[in-house]
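S.K.: What follows is a single structure, and I will ask about it in a moment.
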Amino acid sequence: MKLKKKFDFEKPIQKVLLIILDGVGYSPKGKEFGNAVAGAKLPTLNSLWSQFPTVLLKAHGKAVGMPSDEDMGNSEVGHNVLGCGRVFDQGAKLVSNAIHSGTLFLSDTWNLLTENSRKNNSTFHFIGLLSDGNVHSHIDHLKEMLIGLKKAGVKKSRIHILLDGRDVPESSALEYVLPFEKFLSELNNSEFDARIASGGGRMTITMDRYEADWSMVERGWKIHVLGEGRKFYSAEEAIETFRKEGEKVIDQYLPGFVVSDKNGNALGKIQDKDSVVYFNFRGDRAIEICRAFTEKDFTKFDRIEFPKVEFAGMMQYDGDLKIPEKFLVTPPLIDRTMGEYFASNGVRQYAISETQKYGHVTYFWNGNRSGHFNEKLEDYEEIPSDIISFDKKPYMKAKEITDALVAALRSDKFDFLRVNYPNGDMVGHTGNFQATMDSLEFLDSCIGRLVQECEKTGTSLLITADHGNSDEMYQLDKKGNVVLSNGNPVAKTSHTLNPVRLTLIDKKNRWSLHSDPENGLANIASTIMEIMGFEPPSDYAKSLLQSKV
């Protein structure tokens, strides 16, 4: 794992700070098109983008391992690519390939779960995000598995749906639920019965991450497993009722619900001898519900009942911790990450973010690997996130992160530092345009502090993003015009297909950056290695660094 030195340095390794502005993509369109980046007052960033070497990089589609260039990037695949300098087929593509080739239905886990339901005449449950956002899941994967379930001779299935409104339009739930109900009615017959049994917004139940709010998982457990919650005769009725009762409650925040029969009995309680698949392929918002289903000595909340089921994830979401033990599709094996190389070459590393993105600069950065490569050389710092809708406090923990990062720079303990500021993504996902601009303006002041500190400490600075989000917060039609509803722009809460900037601030003005429309996030790792004086591995994407000397 040794790296060759590219330059003969008289001094120690050149220090580098990488700033990842989560969800801050680039669009040439202005504020009137929902571009919060263009609308915000960003004196520091605008100055840096105009005065220092800046190039655009692809952060979506095939450039980050997604099935097609119509697929948005996301923070997980973005940080995978940033950390390993190469492009691996990611969850969405791996699952699609496994379904289309039939290998998913030949796997030991699929056969174990279907045999369990056949043998015990028990219910086969699916839990996951019902949309085609292709960031956490895809509804087509669920449909194909239900067809496969019927072919396998399983008699009964219940589906526990999580409503999106984040990676797809904010109030589009019925656009997925109604066609899916029609699909189920056509699939069902006297030998097969599949129905939606429960559901709720993804930011209300089940899909917590990084242990930020275990109460979300507890609410999901009560809804999906115990069948306890407000009851309706259908998912459609639940969604329509909540929308009438709430003031502009978007899908991701809709309350949980249980579908019941005419006698008020839940249609899909999860019971002993049942089979359960969590069908999301992305890991961060899957781990906690998996732990609730699989850990015997679970202490995060009172499960009340702990049914003995055969449980599997679509993928194994944490390979080191084996969460879950059983899974349908093998995740990408991402080896020889930049962090591992640096740990093997004596490079001192520091990674920091708040809870919402802490796993991105650690777990995902290190190739879906938990823990350190070398605890003596690596410091990871997590700033606890607030448990609140992020548009209510758009600054999030940017100040606390910056304070800690300034201290780390001044300590002279680290050679490579990386930070994720979640504001552009997490506030952008709320659809609140003004709050997103406010968050970016505060973030701009934090960047100003770091620029000064890097100059004082002789640290080279790179600023980029993992994908777009806050750069396009209004829905646009095919002609690029803003979609209106009652005269107002329709909010867009999902990621974008826009590129991201990479800017290099080196006060000695030694370098420029190579610009190529085909370059992507994968090129950043080699660029960092070269700045620090190392020869990148031969199979890493090429460095963008060009010497001015």
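The values are calculated or read from the model by the stated rules, or taken from the named source; none is laboratory data. Given the structure is predicted, the values throughout are model-derived calculations rather than measurements. Glycine also receives a Cβ, built like all others from the backbone with ideal geometry; neighbour counts cover every protein chain displayed. Ligands, DNA and RNA are excluded from the accessible area calculation, which covers all protein heavy atoms including side chains. Shrake-Rupley method; radii C 1.70, N 1.55, O 1.52, S 1.80 Å.
S.K.: Out of region 33-56, which residues are in contact with a Phe, Trp or Tyr (Cβ under 9 Å, 6 or more places away or on another chain) and either modelled with pLDDT under 95 or outside any helix (DSSP H, G or I) (or both)?
M.R.: Listed by number, the residues that qualify are Gly34, Asn35, Leu42, Pro53, Leu56.
S.K.: Any chance you could count how many residues in region 39-52 are open to solvent by 30 Å² or more (accessible area, probe 1.4 Å) and touching a residue at least 40 places away in the same chain (Cβ under 8 Å)?
M.R.: Selection size over region 39-52: 5.
S.K.: Oh, and also: Being assigned to a strand (DSSP E or B) and at pLDDT 90 or above is the filter; apply it to region 469-499 and report the residue that is nearest to Ile250 (Cα to Cα).
M.R.: Applying the filter and picking the extreme gives Ala491.
S.K.: Give the residues of region 230-262 that are part of a loop (DSSP other than H, G, I, E, B), open to solvent by 30 Å² or more (accessible area, probe 1.4 Å) and at pLDDT below 95, sorted by residue number.
M.R.: Taking region 230-262 and keeping what is part of a loop (DSSP other than H, G, I, E, B), we get 230, 233-234, 246-250, 254-256, 261-262.
If we keep only those that are open to solvent by 30 Å² or more (accessible area, probe 1.4 Å) as well, we get 230, 233-234, 247-249, 255, 261-262.
Those that are part of a loop (DSSP other than H, G, I, E, B), open to solvent by 30 Å² or more (accessible area, probe 1.4 Å) and at pLDDT below 95: Glu247, Lys248, Val249, Lys262.
S.K.: Among the residues of region 440-450, are any within 28 Å of the chain's Cα centre (by Cα), at positive phi and not basic (Lys, Arg)?
M.R.: no
S.K.: When you go through Ser75, Ser107 one by one, which is the residue that is under 15 Å from Val277 (Cα atoms), of a type in the set (S, T, N, Q) and either within 27 Å of the chain's Cα centre (by Cα) or surrounded by 17 or more Cβ atoms within 10 Å (Cβ to Cβ) (or both)?
M.R.: Checking each option against the conditions leaves just Ser107.
S.K.: Continuing with the same structure: Assess whether Arg166 counts as being in contact (Cβ under 8 Å) with a residue 60 or more places away in the chain, touching a His at 6+ places or on another chain (Cβ under 6 Å) and over 30 Å from Leu484 (Cα atoms).
M.R.: Judged against the criteria, Arg166 is not a match.
S.K.: Related question: Do we find that Arg303 is in a loop (DSSP other than H, G, I, E, B), crowded, with 19+ Cβ neighbours inside 10 Å and in contact (Cβ under 8 Å) with a residue 40 or more places away in the chain in this structure?
M.R.: Criteria not met by Arg303.
S.K.: Of Gly25, Gly61, Gly65, Gly83, which residue is out of contact with any helix residue (DSSP H, G or I) (no Cβ under 9 Å at 6 or more places or on another chain) and open to solvent by less than 10 Å² (accessible area, probe 1.4 Å)?
M.R.: Working: Gly25 fails: out of contact with any helix residue (DSSP H, G or I) (no Cβ under 9 Å at 6 or more places or on another chain); Gly65 fails: out of contact with any helix residue (DSSP H, G or I) (no Cβ under 9 Å at 6 or more places or on another chain); Gly83 fails: out of contact with any helix residue (DSSP H, G or I) (no Cβ under 9 Å at 6 or more places or on another chain).
Only one candidate passes the filter, namely Gly61.
S.K.: If you check Ala36, Ala92, which single one turns out to be in contact with a Gly (Cβ under 8 Å, 6 or more places away or on another chain), small (Gly, Ala, Ser), open to solvent by less than 40 Å² (accessible area, probe 1.4 Å) and closer than 26 Å to Gln475 by Cβ? Give the steps one after another, and end with the answer.
M.R.: Working: Ala92 fails: in contact with a Gly (Cβ under 8 Å, 6 or more places away or on another chain).
Answer to the selection: Ala36.
S.K.: Also, I was wondering about something else. Quick test for you: out of Asp466, Asp438, pick the one residue that is surrounded by 23 or more Cβ atoms within 10 Å (Cβ to Cβ), modelled with pLDDT of 95 or more, outside any strand (DSSP E or B) and charged (D, E, K, R).
M.R.: Asp466
S.K.: May I ask you to verify whether Gly448 is open to solvent by 10 Å² or more (accessible area, probe 1.4 Å) and not polar (S, T, N, Q)?
M.R.: Yes: the conditions hold for Gly448.
S.K.: Have a look at Glu211, Glu288 and point out the one that is under 22 Å from Thr355 (Cβ atoms), surrounded by 18 or more Cβ atoms within 10 Å (Cβ to Cβ) and among the acidic types (Asp, Glu). Spell out the reasoning first.
M.R.: Details: Glu211 fails: surrounded by 18 or more Cβ atoms within 10 Å (Cβ to Cβ).
Exactly one of Glu211, Glu288 is under 22 Å from Thr355 (Cβ atoms), surrounded by 18 or more Cβ atoms within 10 Å (Cβ to Cβ) and among the acidic types (Asp, Glu), namely Glu288.
Results for (1) over 24 Å from the mean Cα position of the chain (by Cα); (2) open to solvent by less than 30 Å² (accessible area, probe 1.4 Å), shown as yes or no for each residue.
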{"residue": "Met426", "(1), (2)": "no, yes"}
{"residue": "Gln452", "(1), (2)": "yes, no"}
{"residue": "Gly487", "(1), (2)": "yes, no"}
{"residue": "Pro499", "(1), (2)": "no, no"}
